[in-house]
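The values are calculated or read from the model by the stated rules, or taken from the named source; none is laboratory data. What you are looking at is a predicted structure, and each value in this text was computed from that prediction instead of being measured. Every residue, glycine among them, receives a Cβ derived from its backbone with ideal geometry; neighbour counts consider all protein chains shown.
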Amino acid sequence: MKLLRIGNSGKEKPAVLDNDGKFRDLSSIIKDLDSVNLNFKTLSKLQGLDISSLPEISKNERIGPCISKPGKFIAIGLNYSDHAAETGLKVPTEPIIFMKATSSICGPYDNIEIVSGSKKLDWEVELGVIIGKNAKHISQEESHSHILGYCLVNDLSEREWQIEKMGQWVKGKSHDTFGPIGPYLVTKDEIKDVNNLNMSLDLNGKRMQTGNTRTMVFNVDVIVSYVSKFMSLQPGDIITTGTPPGVGMGMKPQKFLKAGDEIKLSIDNLGEQKSKLVTI
């Protein structure tokens, strides 16, 4: 299933994409796509519905983030060896874990904010993993059974805040709108091989990033198991799994986002995002 949330910010309602490409309203079945409903019991209930009988929602309405108020927004750094090389950093021997504030989350077509004075805002197309079952100290073999689905993520990063100012990466990763997710939460049964998904990002119509999840240093099952050894995972948690090469900080000369820029990114079968940069 391709699940999504539609409506004005803070007033989104759950929906599903039907076989004819129409949005169908799920609000009579579940209240939201949140930690209460992002589990396998609810998913089984939704999969048993006659989707075509549900009310249609206009495609003119805003598409919001595909998950409401996740408990955690976890990220993995330097998880593509060629991306590590372009940043001048060593390929990690264990997954690098950091956090993004959940308040950074926005919709896939919402504007991205550039704070006045920000000089080094960068882009990162990434695969997001959505947890559907409590996980604590699980093995790699158990990881798949705890994954509900996947989504597209842009891990926007202000490099000056992230690297040049003291502290941890979270500071450069967490401003409002630095975490567009969606448009869809795609259930794992619709993804044939999560370790072979093409991904790309365009800036103002020019290709910046091209990659495939098969070149991850640590694959999805390794990541979920590894993270669960340091913190418990709950339904609705997001783990975004790293970016392929082609980010602005790795270019010579370096290139960063500015007001008026337009970004388009996509991953196979997860949809695409389109965002415009605006100064606040």
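Could you please find all residues in segment 122-139 being closer than 15 Å to SER232 by Cα and not hydrophobic (A, V, I, L, M, F, W, C)?
Correct list: GLY132, LYS133, ASN134, LYS136, HIS137, SER139.
Loosely packed, with under 14 Cβ neighbours inside 10 Å and either within 13 Å of GLY182 (Cβ to Cβ) or modelled with pLDDT of 95 or more (or both): is that true of ASP34 in this structure?
Answer is no for this residue.
Condition check ((1) touching a Leu at 6+ places or on another chain (Cβ under 8 Å); (2) in contact (Cβ under 8 Å) with a residue 40 or more places away in the chain) across all residues:
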{"residue": "LYS192", "(1), (2)": "no, no"}
{"residue": "ASN195", "(1), (2)": "no, no"}
{"residue": "LEU203", "(1), (2)": "yes, yes"}
{"residue": "MET208", "(1), (2)": "yes, yes"}
{"residue": "ASN212", "(1), (2)": "yes, no"}
{"residue": "PHE218", "(1), (2)": "no, yes"}
{"residue": "ASP221", "(1), (2)": "no, yes"}
{"residue": "SER225", "(1), (2)": "no, yes"}
{"residue": "SER228", "(1), (2)": "no, yes"}
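Can you pull out the residues in segment 233-259 that are β-branched (Val, Ile, Thr) and touching an Asp or Glu at 6+ places or on another chain (Cβ under 7 Å)?
THR240, THR241, THR243, VAL247
Kindly check whether there is at least one residue in segment 260-270 that is touching an Asp or Glu at 6+ places or on another chain (Cβ under 6 Å), closer than 30 Å to LYS192 by Cβ and surrounded by 24 or more Cβ atoms within 10 Å (Cβ to Cβ).
no
Every residue in segment 150-169 that is more than 17 Å from MET249 (Cα to Cα) and more than 13 Å from the chain's Cα centre (by Cα), please.
Hits for segment 150-169 are MET166, GLY167, GLN168.
What about ASN204, is it over 21 Å from PRO92 (Cβ atoms), modelled with pLDDT of 95 or more and either surrounded by fewer than 20 Cβ atoms within 10 Å (Cβ to Cβ) or of a type outside the set (Gly, Ala, Ser) (or both)?
Judged against the criteria, ASN204 is a match.
Surrounded by fewer than 20 Cβ atoms within 10 Å (Cβ to Cβ) and in contact with a strand residue (DSSP E or B) (Cβ under 8 Å, 6 or more places away or on another chain): which single residue out of PRO235, PRO253, PRO245, PRO180 fits that description?
PRO245
Do we find a residue being in contact (Cβ under 8 Å) with a residue 24 or more places away in the chain, within 14 Å of the chain's Cα centre (by Cα) and more than 29 Å from SER145 (Cα to Cα) anywhere in segment 239-259?
no
Go through segment 33-57 and report how many residues are under 17 Å from PRO108 (Cβ atoms) and free of Cβ contacts under 8 Å to residues at least 60 places away in the same chain.
1
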